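What follows is a set of notes on a single structure, which appears directly below.
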Amino acid sequence: MGEEAFSFPGAGGVELRGVLHLPAGRAASAVLLCHGMLSSKDGTKQVALARALCEQGQAALRFDFQGRGESGGDLLGLSLTRELLDARAALAELRRRAGAGRVGVVGSSLGGAVGLLLAAEQPVHALVTWAGVGRADLLAERVVGREALARWARDGVLVLEGAPVGYGLVEDGRRVDLPAAAARVRCPWLILHGEADPVVPLADARLLHQASGGRAELEVLPGGDHQLVAPAHLARVLARTAAFLRDALG
């Protein structure tokens, strides 16, 4: 097994950084990992899952969206639409480098929404979402509250965890219909969501499950928060995701 770090162009030609995990033998399938809004490719779940997939013979690519981790750009132009463009570029890079016939996507939080949009438009063979956003139009207010949202609209920018984020994220989110995208997903899909998620409520997961026509599998983690990194939750998320992708992708 090996890990290869490299750069590739994302939306607008901005340089993105990724790490490709390759198994010892030829990978018959490969998985793209999409991190959450203020996370990175080096998050605990991202690294652990990529290595677990590699151990079961699958290639995995974790990468940083623009403005996060080692990638170029900033968050002033952050939007679901821009992250979808970055994810398209990353998926094409994964297909080229891994040479695998079947591909899956795993997305966390906002990255879950990106993965959903990608699976709704691309020939993807499996999708897993962790605490995935189901209402892009409500995400900003849920994260920052009504007063901060009003300041964001007035100033055009809001600092989140030390990073200035442009109001375009809010405006773009109001135009993105994630339940409609869920209805277009035809590949096997696993939804994992914490019962007590304070950022993206469990209602979002139930909404996406309903919009999928029941084709998606929904697993609720009792007492789970948004990050799902408590030892029992982390172990369950990683094991369940790896097994699902093994079965769905072969």
Residue hits (region 111-151; β-branched (Val, Ile, Thr), in contact with a helix residue (DSSP H, G or I) (Cβ under 6 Å, 6 or more places away or on another chain) and more than 15 Å from VAL200 (Cα to Cα)) are VAL128
When you go through ALA248, ALA243 one by one, which is the residue that is of a type in the set (Gly, Ala, Ser), surrounded by fewer than 17 Cβ atoms within 10 Å (Cβ to Cβ), in a helix (DSSP H, G or I) and at negative phi?
ALA243
Condition test on SER108, is it of a type in the set (S, T, N, Q), touching a residue at least 24 places away in the same chain (Cβ under 8 Å) and surrounded by fewer than 24 Cβ atoms within 10 Å (Cβ to Cβ)?
no
Return the residue satisfying two criteria in turn: it lies in region 146-176 and is in a loop (DSSP other than H, G, I, E, B) and surrounded by 15 or more Cβ atoms within 10 Å (Cβ to Cβ), and of such residues it is nearest to the chain's Cα centre (by Cα).
VAL176
Going through region 81-102 in order, the residues found to be buried (at least 24 other Cβ atoms within 10 Å of the Cβ), closer than 22 Å to LEU208 by Cα and of a type outside the set (D, E, K, R) are ALA87
Can you list residue pairs whose Cβ atoms sit under 8 Å apart, with the first residue in region 114-142 being closer than 18 Å to ALA196 by Cβ and crowded, with 24+ Cβ neighbours inside 10 Å and the second being aromatic (Phe, Trp, Tyr) and at pLDDT 95 or above? Count only pairs 6 or more apart in sequence or on different chains.
THR129/TRP189
Could you figure out which of (1) surrounded by fewer than 20 Cβ atoms within 10 Å (Cβ to Cβ); (2) among the small types (Gly, Ala, Ser); (3) touching a helix residue (DSSP H, G or I) at 6+ places or on another chain (Cβ under 9 Å); (4) touching a residue at least 60 places away in the same chain (Cβ under 8 Å) isn't true of GLY223?
(4)
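The values are calculated or read from the model by the stated rules, or taken from the named source; none is laboratory data. Please read all numbers here as calculations on a predicted model, not as lab measurements. For neighbour counting, all protein chains shown are included, and Cβ atoms are generated from backbone atoms with ideal geometry for every residue, glycine included.
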